[in-house]
Amino acid sequence: MASPHTILGTVLDPSGAVIPNARASLTRSDGSRIAETQTNERGAFHFDRVTPSRYRLLVQATGFQDANTEISVGTKNATSIRITMGIAAQAETVTVGGNDLGAQVSADVAENTSANRLDRDTLDRVPVFDQDYISAVSRFLDDSATGTNGVTLVVNGIEANGPGVTASAIQEVKVNQNPYSALFSRPGRARVEITTKGGTQDFHGTVNFMFRDSIFDARNAYALAKAPEQRRYFEGVLTGPLTPTKKTTFLLSLDQDYLDLQGIVNAQGPKSTIRENVPNPTRHFFGSGRVFHNFSDNDQFWIGYSYERRTVQNQAVGGTVLPEAGTDARFDEHEINVFYRHVVSSKWVNQLRFLVGHYDNRLASQNQEPGIVVQGAFIAGGAQADFRKTEYHFDGTDTVSYQHHKHLINFGIDIPDISRRGFDDFTNIEGTYTFGSLASYQAGQPTQFVIQKGNGHVAFLERVFSGFVEDNIRVRPNVSVALGLRYYWQNFFHDVPYNVAPRIDFAFAPIKDNKTVLRGGAGVFYDRTGPTPISDLLHFNGVTLLRFIVQNPSFPVSPLELASTPTSLVTLNPGARIPYTIQYSGGVERQVTAQSTLSATYVGSRGIGLFRSVDANAPLPPAYAAIPNPTLGQVRDLESRGYQKSNALEITFQGKPSKYFTGQVQYRLSKTRNNTSGITFFPGNSYDPAVDWARSDNDRRHKFDILASSQPSRFFSVGMGVSLYSGLPVNVTTGSDNNRDGVVNDRPPNTPRNSLAGPGLIDLDLNVSHDFAFSRVPDHSKTLTVSVNSFNILNRKNDMTYIGVITSPFFGRAVAAQPPRRMQLDLEFKF
């Protein structure tokens, strides 16, 4: 007789939020009912002592469409099921697999198998350095798709600065799920989506301890002696009921981090090479508390508060940056999060999320001496980086979902940012000298001197608003289409009528077995400036903060030279508008085993009107002597005239083809070219920006990643992370400001931008863990997991920070490398 097994399941709504109190019924193929249960506060349910066979599972909840699917219970100890309940005539999405990594293709537009998803069990089994789950999944992002503000982080459906909870309170991390959804501002491979845990009706918790010490690590390739480094990390989460009825619950998460790293200096001084290790300690604390309440009609409300503090000493020291040019940093943030889901009827659901917060970010130089930058050799003196940024911010979104026959319509408003921002810019108060080479430094002949005088404080209100509507249509059981529209608005820009972003997505299963799905889509995605360019416009207006760029000054600079130098400005080009990217894709997905899929997708994108800076008052060619307006210095004009072209082929395999492998494998072949690297980028010649058309700074031709786990025996599990990347390009420069435009980025004649090939990367990480089970009672299990992790286990010298300055003694070489082999011990107790 076959031994009994357990069915474990999680029930979610279309946004990824858990659905408590849903009723789950398990029946045999003949319709006879075996068992019935309800989901708990985490949206989880289980059936025990189920014999191997095929069953039907029916899940029902007020305000949601019934999910009815067939499942197969095999010979493993537990079968894991993930169910997303639609609130419209949207077909349910069910994933069956031991680690819930996505096992079945679906003709639903939101369920592309090219997405990368790590659930809680996967996060516990794969190697994750320093419990940084966001970085672990970021390997699957596309750097060419990110906007001016970098990667977008979406937490429980709302854009945020951080996850709002500690590591063990994260339930799931996703990349590229539903890439063209109108509910989000950026495409799928430019955002990381996080779903956090909720409260529970019984007390549950996790306690983590992580430890690293350099005594077990290899020596950094550029360090003369092994740097004494150590990390001690304490983290945990506790959930449980707050009231006897258990309708009100809580979640408390805390972490305390002691990180003692070393900066590895590898510079060339006037007389000799400088090699030393410099302490770079970081202290971090994070605390978060949330209270949840579930109403009898499936409405849910929760509110949470979090506080974070981080201090860093000797920041930026390493490579060619000497200890004296380091900075100390401190960051403090308070945040309040609120969520309310209201089930109006069986057809209408409203979900409101918002957060309010305040942060204070300070940067202080180690000393106040003038800065010394010798291109490609060393950076010394004072960092001249004293800066303070404060912010009071509000982010929020309100989404209304309506179901009618074959339609699921989502519409609402999204406010990514309403902020009162303060910038206190005390950089370059004593000034910074830049030298083109060691020889020019020894001769006392700087290329330029930059100094700032005046009022460094500005405050302003930044406002960003979006509205969206999206219709998910189940045209036929094997065909679905999503049509969406998103509108963008940002103050300081006035192209309001034009910022409309249409989106379209489709999925079609052409064969009756539903094991092959054709999928495609396209969308327009608008960018944002972020607050720093706005701060620059307000600071450097010719009155508030005066910036002087002295060309070929004496050393030290004389008062007469300063007095005769006009101030520089930052202006917004009258034709500037918010840039946008058009992305489109098409591909095929195939079910290759019962629990694994293979997909191949072409992704193309075009960046239109991208941000860059030009000197509108640059000296005129060919002599570069006379400037158009002698009463002004550099006039940095922020314009939106850049262009980017990207094409990529992605091949993704994921799932559980056998008991020895559960995970995801992805290969990406891509090519990206552009003529700008962002809003702070200056072309080599402001009068001919088109000459900068070349490989993008982020152009990796080949990228191969594996993130997987295996259970070779009942005594231990093995997790693996593999990254094989080709190199990024390096820009070759002269080290001097030959055209006198105030920017030291001039290239040798007939040398294209980014013409030097940088180093590739080969990295292998392993995790070996064993579970000590003290209790196996469902929902009351107690397990101690001991994990040993090794990162860069091959101890490969992965070079970085390649020097492209032709006058540097390091030209064509690296001055820093990725960390060597490191060992990490993790102890995790769950109850």
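The values are calculated or read from the model by the stated rules, or taken from the named source; none is laboratory data. Computed from a predicted structure; not experimentally measured. All Cβ positions, glycine included, derive from the backbone under ideal geometry; neighbour counts span all protein chains shown. Ligands, DNA and RNA are stripped out before the accessible areas are found, and what is left, the full protein with its side chains, is counted by its heavy atoms. Shrake-Rupley method; radii C 1.70, N 1.55, O 1.52, S 1.80 Å.
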Write down the radius of gyration of region 190-264 and its Dmax, each obtained from C-alpha positions, in Å.
19.5, 63
With the convex hull built on the Cα atoms of region 220-322, state its orientation-averaged projected area in nm².
9.2
Calculate how large, on average over all directions, the projected area of the Cα convex hull of region 640-762 is; give the answer in nm² to one decimal.
10.2
Find the eigenvalues of the gyration tensor of the Cα atoms of region 356-404, then list the square roots of 5 times those eigenvalues as equivalent ellipsoid semi-axes, largest first, in whole angstrom.
45, 16, 5
For region 280-394, take every pair of Cα atoms, bin their distances at 10 Å starting from 0, and report each bin as a whole percent.
13, 27, 21, 16, 12, 8, 3
As a test question: what accessible area, to the nearest 10 Å², does His5 have when a 1.4 Å probe is rolled over all protein chains in place?
10
Would you mind giving the three semi-axes, in whole Å and largest first, of the ellipsoid equivalent to region 557-624 according to its Cα gyration tensor?
53, 16, 12
Tell me, what is the percent relative contact order of region 697-780, built from C-alpha pairs under 8 Å that lie six or more residues apart?
32
Cα pair distances in region 687-831, grouped into 5 Å bins until the bin that holds the longest one, percent each:
2, 8, 12, 14, 12, 10, 8, 8, 7, 6, 5, 4, 3, 2, 0
Once you place label points 7 Å from the Cα toward the Cβ at Lys406 and Ile274, how far apart are they in nm?
7.0
Which value, in Å³ per residue, describes the convex hull spanned by the Cα atoms of region 771-814?
120
Cα-only Debye scattering, region 723-808: base-10 log of I(q)/I(0) at q = 0.14, 0.16, 0.19, 0.24 Å⁻¹
-0.69, -0.78, -0.91, -1.10
For region 107-152, evaluate the Debye formula with one uniform point scatterer on each Cα (no solvent term) and list log10 I(q)/I(0) at q = 0.17 Å⁻¹, rounded to two decimals.
-0.66
Going by average Cβ neighbours within 10 Å, how do the peptides 458-469, 624-635 rank, with the highest at the top?
458-469, 624-635
Pop out the carbon and sulfur fraction of the accessible area of the chain as a percent, whole number, probe 1.4 Å.
58
Take the Cα atoms of region 435-484, build their convex hull, and give its volume per residue in Å³.
205
How many Å³ per residue does the convex hull of the Cα positions in region 468-624 occupy?
214
Backbone N under 12 Å from the His358 label point (7 Å along Cα→Cβ), restricted to region 312-352:
333-336
The chain, accessible area per residue, ligands and nucleic acids excluded (1.4 Å, Å²):
40
Just need log10 I(q)/I(0) for region 363-509 at q = 0.14 Å⁻¹, Debye formula, equal scatterers on the alpha-carbon atoms, no solvent, rounded to two decimals.
-0.82
Stokes-Einstein D (µm²/s) once Rh is taken as the Kirkwood radius of the chain over alpha-carbon pairs, at 10 °C in 1.306 mPa s:
55
Just to confirm a number: summing +1 for Lys and Arg and -1 for Asp and Glu over residues other than Asn789 whose beta-carbon lies under 14 angstrom from that of Asn789, what do you get?
-4
Given the peptides 320-333, 360-373, 516-529, arrange them by the average over their residues of other C-beta atoms within 10 Å, most packed first.
516-529, 320-333, 360-373
I need the peptides 215-226, 644-655, 154-165 ranked by packing, meaning the mean over residues of other C-beta atoms within 10 angstrom, with the highest value on top.
154-165, 644-655, 215-226
